[in-house]
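The values are calculated or read from the model by the stated rules, or taken from the named source; none is laboratory data. Everything quoted here is computed from the prediction, not taken from an experiment. Methodologically, a virtual Cβ is constructed for each residue, glycine included, from the backbone with ideal geometry; neighbour enumeration extends over all protein chains shown.
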Amino acid sequence: MSNIPSAVASWRDQIERLSEHASPCRYLSPAKWAAIRANALTFIDEYGAEAHQLGWTAPQLFGVHLEHGFLRVEYAGALMVNDSRVTGVEPDRIVFDRFSGYRTKPGQTWGPPVWEFAAKGR
C-alpha cells in the first residue's frame, strides 16, 4: 500500500469507518448501503490511485446531498448512486457494468463525501 496516495488511503479509511450494517441515510436501506459501501471499497482498491491521478475528488466519487443524502442523486458522487461494479476509470467518466457516471455535467454541484454527511447524523 506504500504506492497509494494519502488521499486514496484516506478515502478507504473513511468508508471503512462507516458501518456496513447501518445506512448513513434514513432513506437508504441497510442492504443497499452495504452493497454501495462494498463496491466503493473495491473501487478504491482497484482504481483509487488511478482516479486520484486523473483528478477525481472525494465529493465527485463519494458525495451526497448535504441535507437529503442519497435522495438527491443530482448532488451525488459517481459511486453513491448505485451498487454496480466499476469496470474502468477515465478522465471524466467512471465506467460501470451497464452505464457511466460523469463529472462533466454542466451546472453539477457536488455534495460532501458520505462520511461527512454521516458525521452530522442526518
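Per-residue answers, yes or no, for (1) out of contact with any Phe, Trp or Tyr (no Cβ under 6 Å at 6 or more places or on another chain); (2) at pLDDT below 90; (3) over 17 Å from S10 (Cβ atoms):
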position: G48; (1), (2), (3): yes, no, no
position: T57; (1), (2), (3): yes, no, no
position: H65; (1), (2), (3): no, no, yes
position: D83; (1), (2), (3): yes, yes, yes
position: P91; (1), (2), (3): yes, no, yes
position: F96; (1), (2), (3): yes, no, yes
position: K105; (1), (2), (3): yes, yes, yes
position: Q108; (1), (2), (3): yes, yes, yes
position: F117; (1), (2), (3): yes, no, no
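For the range 81-90, does any single residue satisfy the condition of being surrounded by fewer than 20 Cβ atoms within 10 Å (Cβ to Cβ) and of a type in the set (S, T, Y)? Yes - at least one qualifying residue is present in the range 81-90.
Scanning the range 25-53 for residues that are farther than 16 Å from R85 by Cβ and loosely packed, with under 15 Cβ neighbours inside 10 Å yields R26, Y27, S29, P30, A31, Q53. Does the range 22-40 contain at least one residue that is of a type in the set (V, I, T), out of contact with any Leu (no Cβ under 9 Å at 6 or more places or on another chain) and under 25 Å from S100 (Cβ atoms)? So far as the range 22-40 goes, no, none of its residues is of a type in the set (V, I, T), out of contact with any Leu (no Cβ under 9 Å at 6 or more places or on another chain) and under 25 Å from S100 (Cβ atoms). Of all residue pairs spaced 6 or more apart or on separate chains, those with beta-carbon atoms under 7 Å, a first member in the range 101-120 that is over 13 Å from A58 (Cβ atoms) and a second member that is assigned to a loop (DSSP other than H, G, I, E, B) and among the acidic types (D, E) are Y102/D92; T104/D92.
Looking only at the range 5-44, filter to residues that are hydroxyl-bearing (S, T, Y) and part of a helix (DSSP H, G or I); which one of those is nearest to the chain's Cα centre (by Cα)?
Looking only at the range 5-44, we keep the residues that are hydroxyl-bearing (S, T, Y), and these are 6, 10, 19, 23, 27, 29, 42.
Those still in the list that are part of a helix (DSSP H, G or I) too: 6, 10, 42.
Working: S6: 17, S10: 13, T42: 11 Å.
Among residues in the range 5-44 that are hydroxyl-bearing (S, T, Y) and part of a helix (DSSP H, G or I), the one nearest to the chain's Cα centre (by Cα) is T42.
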